[in-house]
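Only one structure is covered here, and it is reproduced in the block below.
The values are calculated or read from the model by the stated rules, or taken from the named source; none is laboratory data. Only a predicted model underlies this, so the values are computations on that prediction, with no experimental measurement involved. No Cβ is skipped: glycine too gets one built from the backbone with ideal geometry, and neighbour counts run over all protein chains shown.
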Amino acid sequence: MSSPTRRYKSPSELSRANNNNNNNNTTHLPPPPPQNNHRNTPYLPTPTELALLTLYPTLLLFGALFSLLSPETRAAPYDTLRQAHAQDPSLAPSYFARKDNLFNVLFVKRGWAWITAAFGAFVLAHPAYRGGGNQTRRRVRAGVRWVVVTGWWVFVTQWCFGPPIIDRGFRWSGGKCEVVEEMVFGFGEGGVKEVVTAAACKASGGSWRGGHDISGHVFLLVLGSFFLVQEVGWVAARWARYLGEERCVVMHDGAVKGAGVEAERREQQEEAGVLTVLETLGFGGRLAAAVTGLCAWMLLMTAIYFHTWFEKLTGLVVALAGLYVTYILPRWIPALRSIVGLPGI
């Protein structure tokens, strides 16, 4: 009986066998996900900012539709001169349709004081602004932005080298005070200079008629609320490391980079624990959130019960113009950014 023949493997066969064994024992990891190199344009708001800004025209549109579809609102008497419903409690379609409602008297009529108080409380109390050095520079730049936005509010509603922009626009569009017309015929041209604003016309017992009246309520509520969203939102998000997107800026050499390249690191380098939203906002941030929410509610009430749709639209546009100059323009003009800075940077 012949012995079995032993088959010897060549070196090349042994090498191939070892490679096959190694391949079978190797764990194949999935390829890493592709990196998202997309950057937001510095000339427009970020996607999150756009989503928040969309809430304003949405509220105005919803209010306009509600006023048309609500039987109570359509049936209530409406004064086209005052751009408001009848103020008699028995005739007004809602408590918020009356100009003497407490929210209008105590909040909207003193709106900029509330907005300033919330902003001041946040800047003075939030950890991102405490200390010296970089924090001092942040506080100064935040104050500069407040001055810019406040200046725009003053020019539009209070004084612009004479009558404010709202009153100038009313007169440029053909509006006038009836008392002025009577004074012209009765006492000459000197009386015209005495009543050139809506406040003076009302105080003198006249009627402000005939022109386009930019909605001061819409302007104030949009400008003030988004000012707080910018000043509180970016600072709190960066402090708690919640940032899901980044603003982009144009550098002095023309390069477009994330705004984080100009951000200062925390002086305390230890890893912070997980912060809740309330802890991140602090007292000032919570106050700002409450003021912002109340602004949104009163904006909706204004959309339902006051002004024409075009007056509300122009109020929105004028507010957005001031916000663009304050928060978007510095992103692509480095010289301006060196003065006003960016929230959270």
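Applying the selection to the stretch 298-345, what residues are among the hydroxyl-bearing types (Ser, Thr, Tyr), modelled with pLDDT of 95 or more and closer than 20 Å to Cys248 by Cα? Residues satisfying the conditions are Tyr324, Thr326, Tyr327. Pairs linking a residue in the stretch 71-87 that is closer than 15 Å to Met301 by Cβ to a residue that is loosely packed, with under 13 Cβ neighbours inside 10 Å, with Cβ atoms under 7 Å and 6 or more positions apart or on different chains, are His85/Pro77. Listed conditions (1) surrounded by 15 or more Cβ atoms within 10 Å (Cβ to Cβ); (2) of a type outside the set (Val, Ile, Thr); (3) out of contact with any Phe, Trp or Tyr (no Cβ under 9 Å at 6 or more places or on another chain); (4) at pLDDT below 90 are all met by Ala86, apart from (3). Out of everything in the stretch 145-159 that is in contact (Cβ under 8 Å) with a residue 40 or more places away in the chain and over 17 Å from the mean Cα position of the chain (by Cα), what residue ends up being nearest to Pro343 (Cα to Cα)? Here the residue is Val156. Considering Gly174, Gly206, Gly190, the condition of being farther than 27 Å from His307 by Cα, modelled with pLDDT under 85, out of contact with any Lys or Arg (no Cβ under 8 Å at 6 or more places or on another chain) and of a type in the set (Gly, Ala, Ser) is satisfied by Gly190 alone. Quick one: is Ala17 assigned to a loop (DSSP other than H, G, I, E, B), surrounded by 10 or more Cβ atoms within 10 Å (Cβ to Cβ), hydrophobic (A, V, I, L, M, F, W, C) and modelled with pLDDT under 90? Judged against the criteria, Ala17 is not a match.
For the stretch 122-137, the condition of being closer than 25 Å to Thr302 by Cα, of a type in the set (Phe, Trp, Tyr) and under 24 Å from the mean Cα position of the chain (by Cα) holds for none of the residues. Out of curiosity, is Leu275 surrounded by 14 or more Cβ atoms within 10 Å (Cβ to Cβ), more than 16 Å from the chain's Cα centre (by Cα) and not in a helix (DSSP H, G or I)? For Leu275, the condition - surrounded by 14 or more Cβ atoms within 10 Å (Cβ to Cβ), more than 16 Å from the chain's Cα centre (by Cα) and not in a helix (DSSP H, G or I) - is met. Exactly one of these conditions fails for Ala97: (1) touching a residue at least 12 places away in the same chain (Cβ under 8 Å); (2) within 27 Å of Val196 (Cα to Cα); (3) touching a strand residue (DSSP E or B) at 6+ places or on another chain (Cβ under 7 Å). Give me its number. Exception for Ala97: condition (2).
Residues of the stretch 305-345 that are over 21 Å from Phe155 (Cβ atoms), over 16 Å from the mean Cα position of the chain (by Cα) and crowded, with 23+ Cβ neighbours inside 10 Å: Tyr305 alone. With respect to being in a helix (DSSP H, G or I), within 22 Å of Thr302 (Cβ to Cβ) and touching a residue at least 60 places away in the same chain (Cβ under 8 Å), His217 fits the description.
Every residue, every condition in (1) in contact with a Ser or Thr (Cβ under 6 Å, 6 or more places away or on another chain); (2) β-branched (Val, Ile, Thr), yes or no:
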{"site": "Val140", "(1), (2)": "no, yes"}
{"site": "Gly143", "(1), (2)": "no, no"}
{"site": "Trp146", "(1), (2)": "no, no"}
{"site": "Val149", "(1), (2)": "yes, yes"}
{"site": "Phe155", "(1), (2)": "no, no"}
{"site": "Cys160", "(1), (2)": "no, no"}
{"site": "Pro163", "(1), (2)": "yes, no"}
{"site": "Arg168", "(1), (2)": "no, no"}
{"site": "Ser173", "(1), (2)": "no, no"}
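Could we say that Val235 is aliphatic (A, V, I, L, M), buried (at least 21 other Cβ atoms within 10 Å of the Cβ) and either touching a helix residue (DSSP H, G or I) at 6+ places or on another chain (Cβ under 8 Å) or closer than 22 Å to Arg110 by Cβ (or both) here? Please lay out each step first, then the result.
Working: aliphatic (A, V, I, L, M): yes; buried (at least 21 other Cβ atoms within 10 Å of the Cβ): yes; either touching a helix residue (DSSP H, G or I) at 6+ places or on another chain (Cβ under 8 Å) or closer than 22 Å to Arg110 by Cβ (or both): yes.
Here the answer is yes, as Val235 does meet what is asked.
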